[in-house]
Amino acid sequence: MNLALNTDFSSGVGCAEPHLRTMSEVGFTHVHWCHQWCTDFMYVTSEMEAIKEWFERYGLALLDVHGSVGPEKNWFSEVEYIRRAGVELVANRLRMHHFLGGTGTVMMHIPAIGSNTPEANKAAIWRQVDQLRKSLDELSPLIIELGVPIAVENMAYDTFQVIEKMLSEYPPEILGLCFDSGHGNIGDCRGLDHLDALKDRLSALHIHDNDGQGDQHQPPFYGTLDWERFAKILAASPYPREISFEVATRCTPYKEDIPEFARDAYERCLKFAKMVRG
């Protein structure tokens with residue numbers, strides 16, 4: 001069964017080749033490229049060529065790229081030059097995805113209104129959403145040209161107000177939903193309810209577990225996520241791609257043993273994938 005894993009399960013900067021080798025050795029077939037997901041790093045051709053060669057060496061294929069909202073290049077910033085730089089950063093990841101032959105999406109963070117967001121902060125968030133629209137409008141021709149859509153990700157405590165608004169304004173070939181199961185399991189955010197309502201727009205997955213209190217990025221069946229319900233919703237959705245996981249060593253017994261972490265994670269991920277696929 002084809003499964004995708006994030007590259008940053010133990011570190012998200014530096015050379016990803018050892019991570020790719022480990023992923024391949026334990027059975028993962030597809031890559032959720034997650035290195036540099038929160039930096040201003042721009043990939044250039046020589047780096048993309050090296051990554052492509054690693055994929056070929058280890059028999060891996062690209063599914064998704066986690067795009068970046070960097071500290072100084074932010075595609076929904078109210079500061080115009082920062083927003084424009086953020087558009088260039090997203091465009092870089094779209095081109096990277098196309099260059100590497102990806103079959104999924106570029107997954108992006110967007111402004112979010114959470115169940116814990118103070119009322120006084122909401123007006124600023126909606127101003128950021130206005131900036132996000134400008135950026136999406138500027139990026140839409142490239143998205144169509146490359147055939148690489150963007151998937152917007154739910155955040156911790158997300159009420160999905162912004163996500164629902166954006167999905168209502170842009171078609172699936174431009175914008176879809178990246179459902180983050182861990183974010184959807186924190187506090188009172190009812191992530192699976194929101195997924196069920198929007199499952200027809202699901203185009204990417206960040207699957208991981210936690211105890212309901214924090215963003216622990218555990219492999220499946222460590223925490224409190226309702227895996228049976230999640231599997232039923234996914235099985236009933238039109239989601240067409242490999243099932244993709246976004247896990248980390250830090251809240252597991254294997255923080256110092258990456259090969260054992262990867263073997264354990266694969267078995268847990270495979271168990272969930274079988275629940276979905278039957």
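Summary table below
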{"read-out": "Beta bridges by DSSP in the chain, antiparallel share as percent, to the nearest 5", "value": "5 percent"}
{"read-out": "Compactness of the range 52-149, expressed as Rg and Dmax over alpha-carbon positions, Å", "value": "15.6, 52"}
{"read-out": "Mean Cβ count within 10 Å, highest first, over the residues of peptides 19-28, 106-115, 219-228", "value": "106-115, 19-28, 219-228"}
{"read-out": "Helical mean residue ellipticity (222 nm; -39500 (n - 2.57) per DSSP H run of 4+; nearest 500) of the chain", "value": "-14000 deg cm²/dmol"}
{"read-out": "Interchain or long-range residues, amide H under 5 Å from LEU225's placed H", "value": "ASN210"}
{"read-out": "Cα-based Kirkwood hydrodynamic radius, the range 3-277, one decimal, Å", "value": "18.7 Å"}
{"read-out": "Relative contact order %, the chain, counting alpha carbon pairs below 8 Å whose residues are six or more apart", "value": "17 percent"}
{"read-out": "Aspartates and glutamates with Cα under 14 Å of LYS255, excluding same-chain neighbours fewer than 8 positions away", "value": "ASP8, ASP264"}
{"read-out": "Given LYS73/LYS199; LYS199/LYS232; LYS73/LYS165, the pairs whose alpha carbons are separated by over 22 Å", "value": "LYS73/LYS199; LYS73/LYS165"}
{"read-out": "Interchain or long-range residues, amide H under 5 Å from LEU202's placed H", "value": "LEU177"}
{"read-out": "Per-residue ³J(HN,Hα) for the range 20-37, Karplus 6.51 cos²θ - 1.76 cosθ + 1.60, θ = phi - 60°, Hz, x for Gly and Pro", "value": "4, 4, 4, 4, 5, 4, 8, x, 5, 10, 10, 10, 9, 6, 10, 5, 6, 6"}
{"read-out": "For the range 183-208 versus the range 1-40, the gap between their alpha-carbon centres in whole angstrom", "value": "23 Å"}
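FYI, it's all coordinate maths here, none of it is from the lab. Given the structure is predicted, the values throughout are model-derived calculations rather than measurements. For neighbour counting, all protein chains shown are included, and Cβ atoms are generated from backbone atoms with ideal geometry for every residue, glycine included.
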